[in-house]
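Report on the following structure.
Read-outs throughout are calculated quantities, based only on the coordinates presented, and are distinct from any laboratory measurement. Not measured: the values here are computed from a predicted model. Neighbour counts run over all protein chains shown; Cβ positions are idealised from the backbone, glycine included.
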Amino acid sequence: MRKYIVTAVLVVFSVITIGTYYIQASQETLPNYKLTTVQGDASLVEGIALHGNYMSKDSVFGIERAYITTNGTDYPDEKLTISQRLNGRPVKTQLDKWVDQHRQFMRGKNNLAGFYENQDILAYVNGTVDKQQSNDPSAKKNAKLSISVLNKKKDSTQEIRSDINVDHDVSDIFVQNVQLVDHQLVAMVSLNHSAKGNVSEPHIIRINLTTKEITNEPLALPGAKSEAANGDDQFVWLANQYLDHTDQWILSVSKDNHRKAYQVDVKTGQISPLAFQGHEMLLNNIMNAYGQKIYFLQKAISGKGDMGFTVISYDLVSKEYKTTLKNTNIDLSENITYVFKQDYLYIVGHKNFKGNRLYVFNLTSGNLEFEGKVVSTEAANQAEDEANMDLNYIDLGQF
């Protein structure tokens, strides 16, 4: 009998505790924020969101994820279902737009870097590796390449499948970029070796859309490893933006705490090391490659600490360097959030300077074209609310 009484007490206690929490939560409203224009062209921030955390020590909410747009704030953790939480972003990505337009074709396709689109086709390249393990270093594993091509005018889909053999320690294949060259889809992929170390090995996959023939060409980058020995660590990063239909890939290879950069001709596969003579320090600061330019972002050093930043561009054709942007008003002594979109730099300042502000710079002209501020619309607690919001990501809907 005593056991049942204890159980009943515990049940009642749990109900009261949970009920109290939800009553308090229902009586408290999370603050609403908006991205407002201080100066400049507001169209540059249409359809974007600033992502961060609302932190209130006195609130039953604790820390809440938040997406802030020009229309207000969305707290996806408040949604009731898992699918709502996963799809809580208020920004429509390119993937979302394709799903709306080509729902059946887009089923199961979620890597933006694997797509190529022009006015005639939408193509997707994907690679998978089986999970079969082997202690034999000479053994091969099976991998599959899947290519889907949608003919927009005919509304018809072409499917190409191919089995390939990869080394036994390859755990994943990641597609990083896809281009169209002379009726061939040309994909930049990374084979990840993980049995002995962590080595990313770059390859070029060519798919002939007429004959359906697939060829695989390892990229023999000078100084880079194609297989992993014990403790090896090599990361290959493609600086070209997603969906940047360029004829040159810019690769940054980080190995043993050293970096090297390469220019790869998409059509021929020819590799040219980028030495940056006289500017070797820039190797650690490659931020983005778009069109024929590579952009580098550097902190400025002054007697007062880290103040301001500089953006330097390198022209792949003329081989010339240019300081396209220099700013001494934004404090980079604390961590910052930034993202590139074509020839624009979006950068957010944190609490240490003017609160949560968004700046948009044109990298061609160097001009500041937009400045915005995230403000709480709750006048009574505005200062406290704004101090409790920490923004750490800019969602441009690219990914």
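Key figures for this structure:
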item: Theoretical gain in end-to-end length, V38 to R206 [0.36 nm per residue, Cα-Cα removed]; result: 55.6 nm
item: Placed amide H near Y393: partners under 5 Å, 5+ positions off or other chain; result: H51
item: Stretch gain in nm, segment D256-N198, where the contour uses 0.36 nm per residue and the Cα spacing is subtracted; result: 19.8 nm
item: Inter-label distance, nm, simple model (7 Å from Cα along the C-beta direction), Q94/E369; result: 1.8 nm
item: Cα→Cβ-extended label distance, 7 Å offset, between T377 and S146, nm; result: 4.2 nm
item: Rounded if a/c under 1.5, otherwise prolate or oblate - the range 104-274, Cα gyration tensor axes; result: oblate
item: Added length on full extension, which subtracts the Cα-Cα distance from 0.36 nm per residue, R107 to S171; result: 20.6 nm
item: Sequence of K140, K131 once ranked by neighbouring C-beta atoms within 10 Å, starting from the fewest; result: K131, K140
item: Distance in nm between pseudo-label sites at V181 and W237 (7 Å out along the Cβ direction from Cα); result: 2.4 nm
item: Exceeding the 21 Å Cα-Cα cut-off - candidates K97/K152; K293/K341; K97/K131; K34/K326; K131/K260; result: K97/K131; K34/K326; K131/K260
item: Ranked list, fewest to most other Cβ atoms within 10 Å of each Cβ, for Y75, Y290; result: Y75, Y290
item: Residues I164, I48, sorted so that the one with the fewest Cβ neighbours within 10 Å comes first; result: I164, I48
